[in-house]
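Okay, so here's the structure we're looking at.
The values are calculated or read from the model by the stated rules, or taken from the named source; none is laboratory data. All of these numbers come straight from a predicted model, not from anything done at the bench. Cβ sites come from the backbone with ideal geometry, for glycine too, and all protein chains shown count toward neighbours.
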Amino acid sequence: MFETLPQVSERRLGVRITADALRHVRAGHPWVFDESVASVSHEGAEGDLAVIFDNDRRFVAIGLYDPNGPITIRVLHVGKPATIDVDFWTQAIVAARKIRQPLVDAESAGRPAFRLINGESDGLPGFVVDRYDTTLVVKLYSSVWFAHLALLTEALLVTTEATSVVLRLGRNVAAGETYGLDDGDVIAGEIPDGPVLFTEGGLTFEADVRAGQKTGHFLDQRANRLRLGRLSCDRDILDVFASTGGFSVHAAAGGARSVHSVDISAPTLAVAERNLALNTARAEVAACKHTTEVGDAFDVMIALARAGKTYDIVIVDPPSFAQKQSSIDVAVRAYTRLTHIGLRLVRPGGIFVQASCSSRVSADLFYATVLDAADAAGRDLRQLVRTGHDIDHPVTFPEGGYLKAGFFRAL
């Protein structure tokens, strides 16, 4: 399967970059943009190793070269010279796995799911690995990784309990040369037909690792889902942008009286229903009244408000509204509107949960937007907690942070 992949040139590129970029790289930033490149020793291909030197020809860093994209070098190592080989990849994976060990230990059922490699923040820019039980899902966000995929797959299998590896491709990667590989290919081992089962907080879920959104499940909200479960006993709950039912299942298992799951995708809500069904051996889940509704979140919330529906807890967990810098104002307006409508559905003294996964919307701007909208709506929000990234989604550079969620008491 890997025979058609490009080979890394034995000749490393020598690169000089601007003084400003040099400061950023030495400070740990993982990207060198094309406009920051002052000179390159010779022509190179995607995935070739590029050594960054200072003006005195001293080694600064080494990374993966991309002659075609806006990010020319994705930095792998800064400091003393290093050899990039299977031992280097293995050490990076072992270090990342050690950070996540508490998530493995927490799953008594023994089928954990978590992000094993979080790209740049684990030293492998544009390379993401999610684990679902014994299946690993590798997602490439840059074509520079094709040349290293065989060695990395080997290292992953050796250093983890995985028996299979699935390849997923980011949109920009899938649109280019993929060397005979397709999104969803099984590149190591075998996986059974149908979804992969895993556990989160002792609850069972399914993940479509070959064709589902992201890598099959939104792993980044695990801690918030567990928190919601602890708040759900004897509550009526509305889960907006419910996707495959992560929040809904945890709410039901936490003893919720009822959960209403809303999403624009009927197939996605069908997965949510199956995830509930996987856990009906729990008396709390079996007793919970679960309903679903397919539709645009804004439209459904307005209709529920007009019908006089209210809930003890309302969760609003939308997709990213700011894919580019120019969309920030659009995102702020969307969060404002969601807060206005959502608070109409929260009973006095109830809990309002709103999240954002828009990296370009800062945490300060997001929370200010929610609180300003609440003031305009005449509701007093008392903050219970603000949350960010869990330990399997570390953030080591400014652009890496995206997730924020607020739990508020709505008076």
Select, from Arg26, Arg57, Arg74, the only residue that is on the phi > 0 side of the Ramachandran plot and not assigned by TED's automatic domain parsing to the domain that holds Ala155. Arg57
Please determine, by comparing only the residues of the stretch 244-268 that are hydroxyl-bearing (Ser, Thr, Tyr) and closer than 23 Å to Arg282 by Cβ, which one is surrounded by the fewest Cβ atoms within 10 Å (Cβ to Cβ). Ser258
Picking from Val314, Val346, which residue would you name as being crowded, with 18+ Cβ neighbours inside 10 Å, over 27 Å from Glu206 (Cα atoms) and in contact (Cβ under 8 Å) with a residue 24 or more places away in the chain? Val346
Of the conditions (1) at pLDDT 95 or above; (2) under 30 Å from Ser143 (Cβ atoms), Leu269 fails just one. Which one is it? (2)
Residue count, the stretch 195-224 (criterion: over 18 Å from Leu116 (Cβ atoms) and polar (S, T, N, Q)): 3
Of everything in the stretch 37-62 that's within 13 Å of Arg26 (Cα to Cα) and not hydrophobic (A, V, I, L, M, F, W, C), which residue is surrounded by the most Cβ atoms within 10 Å (Cβ to Cβ)? Asp54
Hey, any hits in the stretch 189-204 for a residue that's among the small types (Gly, Ala, Ser) and within 22 Å of the chain's Cα centre (by Cα)? yes
Condition test on Gly110, is it more than 19 Å from the chain's Cα centre (by Cα) and on the phi > 0 side of the Ramachandran plot? yes
Hits in the stretch 215-224 - residues which are touching a residue at least 60 places away in the same chain (Cβ under 8 Å) and either buried (at least 20 other Cβ atoms within 10 Å of the Cβ) or within 8 Å of the chain's Cα centre (by Cα) (or both): Thr215, Gly216, His217, Leu219, Asp220, Gln221, Arg222, Asn224
Across the stretch 272-323, which residue is modelled with the highest pLDDT among those that are of a type in the set (Phe, Trp, Tyr) and more than 20 Å from Arg230 (Cα to Cα)? Phe298
Taking interchain pairs and intrachain pairs at least six residues apart, which have beta carbon atoms under 7 angstrom, with the first residue in the stretch 284-309 and among the small types (Gly, Ala, Ser) and the second surrounded by 12 or more Cβ atoms within 10 Å (Cβ to Cβ) and assigned to a strand (DSSP E or B)? Gly295/Val262; Ala297/Val240; Ala297/Val262
Over 26 Å from the mean Cα position of the chain (by Cα), at pLDDT 95 or above, under 18 Å from Ile313 (Cβ atoms) and not in a helix (DSSP H, G or I), is that true of Arg386? no
Under the condition of being more than 13 Å from the chain's Cα centre (by Cα) and within 28 Å of Gly28 (Cβ to Cβ), which residue from the stretch 117-139 is surrounded by the most Cβ atoms within 10 Å (Cβ to Cβ)? Leu136
Filter the stretch 97-116 down to residues that are surrounded by fewer than 13 Cβ atoms within 10 Å (Cβ to Cβ) and among the acidic types (Asp, Glu), then give me how many there are. 1
Right, Glu161: under 24 Å from Val8 (Cβ atoms) and either touching a residue at least 12 places away in the same chain (Cβ under 8 Å) or not polar (S, T, N, Q) (or both) or not? no
Tell me, please, whether a residue that is in a strand (DSSP E or B), out of contact with any Phe, Trp or Tyr (no Cβ under 6 Å at 6 or more places or on another chain), over 18 Å from Val158 (Cα atoms) and at pLDDT 95 or above can be found in the stretch 77-99. yes
Before we move on, is Val94 in contact (Cβ under 8 Å) with a residue 60 or more places away in the chain, touching an Asp or Glu at 6+ places or on another chain (Cβ under 7 Å) and surrounded by 11 or more Cβ atoms within 10 Å (Cβ to Cβ)? no
Going through Ser327, Ser358 one at a time, which residue ends up being surrounded by 21 or more Cβ atoms within 10 Å (Cβ to Cβ), polar (S, T, N, Q) and either touching a helix residue (DSSP H, G or I) at 6+ places or on another chain (Cβ under 6 Å) or free of Cβ contacts under 8 Å to residues at least 40 places away in the same chain (or both)? Ser358
Looking at the stretch 13-36, which of the residues that are part of a loop (DSSP other than H, G, I, E, B), surrounded by 14 or more Cβ atoms within 10 Å (Cβ to Cβ) and in contact (Cβ under 8 Å) with a residue 40 or more places away in the chain is farthest from the chain's Cα centre (by Cα)? His29
